[in-house]
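Each reported figure results from applying straightforward, stated rules to the coordinates on display, with no laboratory input. In this text, all values refer to a predicted model and were calculated from it rather than measured experimentally. Virtual Cβ from ideal backbone geometry, glycine too; neighbours counted across all protein chains shown.
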Amino acid sequence: MRKTDRVKLLAAALVATGALTAAIPQAPAQAAAKEQFFPVMVYRTGAYAPNGTPWANGYVDYLKLINARDGGIGGVKITYEECEFGYATDRGVECYERLKGKGVTGGTAFQPLSTGVTFALTDKTASDKIPLVTAGYGLSASADGRVFKYNFILGGSYWTAADVLVQHVGAKEGGLDKLKGKKIALIYHDSPYGKEPIPLLQERAKMHGFQLLLLPVTHPGVEQKATWLQVRQQRPDYVFLWGWGVMNSTAIKEAVATGYPREKMFGVWWSAAEPDVLPVGDGAKGYSGLNFLAGAGHSGKVHQDIFKFLHDKGQGTGPKEEVGSVLYNRGMVSAMYAVEGVRRAQEAYGKKPLTGEQVRWGLENLAINEARIKAIGFEGYMTPTSTSCADHMGAHSARVQTWDGSKWNYTSEVIEADMQIIKPLITAAAAKYAAEKKVPIRDCAKDSGA
């Protein structure tokens, strides 16, 4: 055989080998085609880690459970990746940009657990057609799905939370009319998060004649002596606490030092978890706060499955004793919302990896009723949630819970926020946003979305 013939044969063999090699990666790619990617934004470090960590552990454990117990969502395995952003808005945006394109179909939905990051991502997620799920936080006006097509403030907003608190202290006084002449102080994290309830509280103050004292606290909230000096001087009848992380326990400690009765303090649902009261010791007894969606406890079927399929096999994300804490349970519910959004979307688009736009449709058509809650193991730990084109909140109730020194106990019945007061605020704020951002307002009668 001539040398030129040998070279030609070798070249042909290399081409064939190259073609075969190129074909080999297709098998893993085909396997990956049955995976749904969940980006997980966390802050396990920094001043807010004591609160961010149990939420993240509950969130990730539920994703793991869906794979271990159910084999994924409709046969589609869940993959996920965490991105640590330390509750810093700029780093949160970086995490979003890093994760949004991962997976076969891109990010399923983002849940930043940060109102500041929510504000920064709202335009971006709409442009990228990826849902932004903010269960119990974020932009209150985003409950209007006609304007905020990709935002889902599921389960409640800061306006519904503030409204429930006003109703509760009104009832304690013997009626909302008895709030006339009273003083209510809002001690709030000086950030978009802390400022969000102010419009609703100002509206309620006008309606009922109480004086609203606004007392901002600078991040991270460890220095509050000047704030509590004002409390001592102003002597408000009630204090509403809108804090996060170390700010919450610091506020309760300052209340003890000032002699302000904890029985007159009521926190939003992000200021009413175990990390907020345990550092205070006995001084936290009598402090109350809101709870929405899942309260504390681990008696649910979902908790038993978490133990059985994860922790008993050494595959839990955090410590076993953390399961059932307020923020752990809330993290599970947040993950459940995303999973149920995918499951609902599969009914319309098939049991395959779905795009963010397809998952958006599922989140906009949630119908998590009592029967569904029981089926997924959240009975006693979940509020029915039903969304639509116009309503991206789906539920708007809460209960008051009080710390007895060792555990949280419910001290009110379920209180529904007054949507006759809140809905006009939502509509006006959403219309203003639409005008400023030049966002078209959807006609829900014509927009099926699927």
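Residue order for Leu366, Leu214, fewest other beta carbons within 10 angstrom first, comes to Leu214, Leu366.
Rounded to the nearest 500, the 222 nm mean residue ellipticity of the chain from helices alone is -14000 deg cm²/dmol, with -39,500 (n - 2.57) taken per DSSP H run of at least 4 residues.
Counting beta carbons within 10 Å around each of Ser191, Ser386, Ser114, Ser288 and listing the fewest first gives the order Ser386, Ser191, Ser288, Ser114. Close amide H contacts of Thr105 (hydrogens built in the peptide plane, cut-off under 5 Å, sequence separation of 5 or more or a different chain): Phe37.
How high is the FRET efficiency between His219 and Lys320 when r is their beta carbon distance and R₀ equals 35 Å, given to the nearest 0.05? Efficiency computed from Cβ-Cβ geometry: 0.60.
Counting only residues at least eight positions apart within a chain, or on another chain, the aspartates and glutamates with an alpha carbon under 13 Å from that of Lys178 are Asp237.
Extension gain for Glu347 to Lys124 (0.36 nm times residue separation, less C-alpha to C-alpha distance): 77.6 nm. Taking each of Lys149/Lys352; Lys225/Lys432; Lys206/Lys437; Lys64/Lys446; Lys102/Lys432; Lys253/Lys423 in turn, the alpha-carbon distance tops 27 angstrom for Lys225/Lys432; Lys206/Lys437; Lys64/Lys446; Lys102/Lys432; Lys253/Lys423.
Taking the Cα centre of region 175-299 as reference, the dipole from Cβ charges on Lys and Arg (+1) and Asp and Glu (-1) amounts to some 500 debye.
Against the chain, whose longest principal axis comes from its Cα atoms, helix 49-70 is set at around 50 degrees. Pick out, from Met393, Gly103, Ala430, the residue whose Cα sits farthest towards the positive end of the charge dipole of the chain, with +1 on the Cβ of Lys and Arg and -1 on the Cβ of Asp and Glu. The residue sitting farthest along the positive end of the dipole is Gly103.
Put a plus charge on the Cβ of each Lys and Arg, a minus charge on the Cβ of each Asp and Glu, and nothing anywhere else: the dipole of the chain about its Cα centre is then about 980 debye. In this structure the amide hydrogen of Gly405, modeled in the peptide plane, comes within under 5 Å of the amide hydrogens of Gly286, none closer than 5 places in sequence on its chain. To test your reading of the geometry: what angle, between 0 and 90 degrees and rounded to tens, separates the Cα axis of helix 326-349 from the longest principal axis of the chain? So the helix axis and the longest Cα principal axis differ by about 50 degrees. If you run the Gaussian network model on the chain, springs between alpha carbon atoms under 10 Å, then out of Ile153, Ile373, Ile184 the most flexible one is Ile373. Listed peptides 172-182, 354-364, 42-52, 119-129 appear in the order 354-364, 42-52, 119-129, 172-182 once ranked by packing, highest mean of other Cβ atoms within 10 Å at the front.
Sorted fewest first by neighbouring Cβ atoms within 10 angstrom, Met336, Met41, Met207 come out as Met207, Met41, Met336. To the nearest ten degrees, helix 158-173 and the longest principal axis of the Cα atoms of the chain are 30 degrees apart.
So which aspartates and glutamates pass the test for Lys351, namely a Cα distance under 20 Å, with those fewer than 8 places away in the same chain ruled out? Reachable aspartates and glutamates: Glu35, Asp70, Glu340, Glu364.
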